[in-house]
1. Report the calculated FRET efficiency for LEU284 and THR42 (r = Cβ-Cβ distance, R0 = 35 Å), to the nearest 0.05.
2. Normalized C-alpha radius of gyration of the chain, against 2.2 N^0.38 Å?
3. For ARG345 and ALA209, calculate 0.36 nm times their separation in residues minus their Cα-Cα distance, and state this gained length in nm to one decimal.
4. Give the cross-link partners of LYS279 among the aspartates and glutamates, using a straight C-alpha distance below 17 Å as the criterion and excluding same-chain residues fewer than 8 apart.
5. Report in % the part of the accessible area of the chain that belongs to carbon and sulfur, leaving out ligands and nucleic acids; probe 1.4 Å.
6. GLU106's amide H: which non-local residues (gap 5+, or another chain) put their own amide H closer than 5 Å, with H modeled 1.01 Å from N in plane and none for Pro or chain starts?
7. Suppose each label sits 7 Å from its Cα in the direction of the beta carbon; what would the VAL55-HIS302 distance come out to in nanometres?
8. Grab the beta carbon distance between GLU358 and ARG112, set R0 = 25 Å, and tell me the FRET efficiency rounded to 0.05.
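The values are calculated or read from the model by the stated rules, or taken from the named source; none is laboratory data. Note that the structure is a prediction, hence the values are computed from the model and not measured. Cβ coordinates were reconstructed from backbone atoms using ideal geometry, including for glycine residues, and neighbour counts include every protein chain displayed. All accessible areas refer to the heavy atoms of the entire protein, side chains included, with ligands and DNA or RNA removed. Shrake-Rupley method; radii C 1.70, N 1.55, O 1.52, S 1.80 Å.
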Amino acid sequence: MSVITLIAPRCDRGEKTADTGAVWLRVRQNDCEETMKAIRVTALTGPDDVEHLDVERPVPGPGQVLIKVAFAGVTFPEVLQTRGMYQVKHDLPFTLGSEASGIVAEVGPDSRYSVGDRVAAITGKGTFAEYLIAGDEATVKVPDSVSLAAAAGMPMNVLTADFALRVRANAQPGQSLLVHGAAGGLGSAAVQLGLAMGLEVVAVVSTEAKAKAVRELGATHVVLADGFKDVTKEIYPKGVDFVFDPVGGDRFTDSTRVLAPFGRLLVLGFTAGEIPSIKVNRLLLKNISVDGVAWGGVAWGHPTYIHEQWDAVLEHVAAGRVNPRIHATYPLAEASSAINELDGRSVMGKVLLEAAGE
């Protein structure tokens with residue numbers, strides 16, 4: 001007896017079989033979109049070579065949801081992943097993207113979510129697509145007061161900033177914070193969250209256009225990167241309590257020089273490309289410290305951690321105190337251009353990819 005598989009033009013999932021006597025007919029009920037578009041990395045040759053391809057639409061398993069992607073946030077790790085330079089490696093080919101917002105389209109067994117929920121997710125990969133699978137532990141509900149565009153720009157940056165300021169630094173109202181790269185996605189999240197936490201924020205930027213952007217965020221002081229040390233010391237003669245540094249490079253040594261006694265330099269990355277070093281006698285003589293901030297290493301190892309963090313920042317998010325500045329929105333098919341914009345260091349705020357939109 002032979003088996004014939006047919007695709008039935010229906011909009012639900014599943015399979016049915018029927019015994020016709022001569023053959024078994026296996027009817028696969030098509031939900032109208034068995035495939036989807038996704039941005040795939042097929043070679044580690046940079047942003048120009050990512051591909052917009054048809055791939056199989058995934059199905060959620062236990063404790064998972066299928067999200068119809070509204071917007072995906074573009075982050076600097078995506079730039080590195082297209083070149084194989086990020087610390088987390090994925091086997092080729094893979095779908096790019098770390099974060100997204102959207103609507104729950106399907107739920108797996110035992111999921112805490114329901115079809116129709118407005119959510120954001122942080123998955124590490126797979127978000128540059130029309131649909132994505134996310135575990136419940138990596139998915140959070142988006143308040144009705146927050147647009148899905150804004151929600152897509154929050155997860156990686158806001159939770160990383162929260163981890164740096166609230167968890168690693170234990171920052172308290174009235175303390176001072178200097179933020180490098182303050183006009184970028186992560187830097188602007190640190191500016192907004194720092195202000196929401198009651199900190200005085202010195203925003204360091206590279207151009208006057210970026211200075212204007214961070215003034216609109218409400219930064220207490222805005223200074224240019226060229227000569228930031230001297231200007232900061234004029235504002236805070238005794239130094240600042242914290243330096244938030246996702247840039248690295250040649251600013252690093254001067255960052256230690258603007259710290260107050262017992263101050264802490266929070267290291268989040270090296271967008272300048274150069275990984276700096278320090279003579280530890282400087283730490284000894286000034287009673288300062290350099291603290292690594294690796295949010296992912298903690299979040300991925302603790303199933304409840306993302307939800308705990310989201311609960312901690314939710315009041316600020318819902319009230320609009322943390323609300324990403326959208327620099328540009330590209331169609332999903334133009335992911336290469338969006339990634340290249342981050343690579344060019346010209347971004348002021350957050351770059352998004354639009355899949356389904358609001």
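1. 0.10
2. 1.11
3. 47.7 nm
4. Filter leaves ASP250, ASP254, ASP291.
5. Ligands and nucleic acids excluded, carbon and sulfur reach 52 percent.
6. When sequence neighbours closer than 5 places are left aside, the close amide H contacts are LEU66.
7. Distance between label points: 3.0 nm.
8. Approximately 0.55, to the nearest 0.05.
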